[in-house]
Amino acid sequence: MVEVGGEPVRGAAAGGGPAGGPGTALPRPAAGRRTGGTPKAVWVVWALLGLNTLGSAGAKTIVRLPRSLIQMATMGALVSAFALALALNLRLRIRAGAFLFLLSLLLVPSIISSLHLEVGVGALFRCARLTIFIATLWLLSRWWNGSLMLVRTHIRMYFGVLVSVAAGLVISPGTAMPEYYGGRLVGALWPLTPPQIGQYSAVIIGLTVLLLLDRRTTGTSAAVVIVPTLVLLAMTHTRTATVGLLIGLALAIGSLVLTSAAARRFFAWAVVTSTVAAVAFSSALQAWFMRGQSKENFSNLTGRAKVWDALLTAPRTLPERVFGTGLGDKSFGGLPIDNSWLAVYNEQGQLGIVLVAAILLSLGGIALLRPPSLPRACAIFLISYVAISSYTEAGLGDASPYLLHLALAASLLAAPAPAPAAAIPSTAPAGPRRRIPRWDRNREVT
């Protein structure tokens with residue numbers, strides 16, 4: 001008996017038939033497991049991690065949900081994800097990789113800076129949350145083999161979130177598109193901001209388009225996901241998500257152009273359509289992109305540039321420059337930072353920036369070295385989208401959807417583990433048997 005992916009596989013039937021002979025029993029997936037030895041419960045762990053990263057602060061909802069209750073739900077989801085992942089991987093079998101190694105090193109500046117308690121006891125709580133999040137990813141790494149199972153789970157998970165957004169829009173349009181957000185779409189049932197909804201929409205659309213190009217899904221199923229999601233993305237007026245979607249898809253499809261005729265056709269069709277739309281609807285696209293803002297407000301990124309300048313010019317000690325001031329709520333002076341690199345610099349210092357940059361560069365380098373394939377294209381899309389959105393969104397230094405996107409990219413870039421030779425039934429013909437004389441069959445050996 002040998003183990004493949006942690007599951008025992010017998011090379012012959014109970015009757016003792018030779019491998020490859022009539023008595024051979026081919027390996028069958030155990031009950032409750034997917035083909036390839038991946039438990040079905042893995043997608044539950046992934047969904048719980050996604051629930052934890054939804055956040056507890058955002059727009060006003062139809063039913064006022066106490067923030068403490070939301071935090072209990074999100075933290076309960078994280079603890080449940082870790083417990084379930086540990087139950088699935090009691091032998092603590094992991095697959096080491098550059099992504100998880102560098103992500104674990106990010107805990108060093110996080111803990112060192114948070115121990116000073118300059119941002120309060122909440123910094124230690126956020127460190128514990130990040131530690132559990134990374135530990136859960138380590139436990140799940142056992143099943144990272146380049147398959148598309150987690151891609152489908154990722155799409156379903158965030159599509160379920162968008163269904164709740166659409167339901168809130170139907171129930172209370174005024175709450176879902178409030179004036180204090182400039183009429184942009186927010187979560188009316190769960191406190192979600194327009195950038196969050198735009199991010200989930202862009203990731204879902206990009207991954208679904210790639211699955212459709214490789215014929216891993218039907219046109220009808222893809223349309224059911226893409227069309228309403230595209231409408232929600234337009235209603236959020238999220239420029240970063242839209243630009244990230246377009247550039248990420250261009251890079252991902254470009255990686256398939258040399259090996260996929262469907263990718264070449266789609267790329268050519270997209271270029272022609274985009275050119276025609278840009279010419280025919282230039283004024284409407286410009287109005288949507290500007291969101292009614294003045295050129296001055298647009299140039300300073302809706303006030304973000306002022307916060308960034310204040311953060312960079314603030315006096316800091318040497319330890320604060322190297323290790324940061326501790327994990328906080330990604331704000332400075334009471335205003336959101338809205339930039340992953342500056343948020344990491346503020347909370348985890350220069351060391352944090354180096355580690356986050358190393359994470360993106362390592363994933364990008366591995367993706368470039370992989371042969372063209374659909375998993376590689378999905379990984380390129382996710383990496384490029386996260387890199388682009390990091391300019392106006394924070395989250396790369398803490399447990400967030402962006403780290404979950406990068407974890408999915410790392411799982412897609414992981415090479416499949418080779419099956420042990422003993423697990424594969426032998427098909428080689430058996431050699432000639434030596435005939436034992438009848439007089440020597442019952443001979444005693446002394």
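Values quoted throughout were computed directly from the atomic coordinates according to the rules given, and no laboratory measurement underlies them. Just so it is clear, the structure is predicted and the values come from calculations on it, not from any experiment. Glycine also receives a Cβ, built like all others from the backbone with ideal geometry; neighbour counts cover every protein chain displayed.
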What is the range 35-414's relative contact order, in percent, from Cα pairs under 8 angstrom and six or more apart in sequence?
23 percent
J(HN,Hα) series, the range 244-256, from Karplus relation 6.51 cos²θ - 1.76 cosθ + 1.60, nearest Hz, glycine and proline x:
x, 5, 5, 5, x, 5, 4, 5, 5, 5, x, 6, 9
When the charge dipole of the range 35-414 is computed with +1 on Lys and Arg Cβ and -1 on Asp and Glu Cβ about the Cα centre, the Cα farthest towards its positive end, among LEU232, SER56, SER373, belongs to SER373
LEU318 versus LEU90: modelled label distance in nm, points set 7 Å from Cα along the beta carbon direction:
5.1 nm
The set of residues whose placed amide H lies less than 5 Å from the amide H of PHE332, leaving out same-chain residues fewer than 5 positions away, is ILE337
How big is the dipole moment of the range 35-414 about its Cα centre under a simple scheme where the beta carbon of each Lys and Arg is +1, that of each Asp and Glu is -1, and everything else is neutral? Debye, nearest 20, please.
860 debye
Can you work out the FRET efficiency for the pair THR218 and HIS116, with r the C-beta to C-beta distance and R0 = 45 Å, to the nearest 0.05?
0.25
By average C-beta atoms within 10 angstrom, highest first, the peptides 177-183, 158-164
158-164, 177-183
Would you please put 339-348, 59-68, 43-52, 102-111 in order of how densely packed they are, using the mean number of other Cβ atoms within 10 angstrom per residue and starting with the highest?
339-348, 43-52, 102-111, 59-68
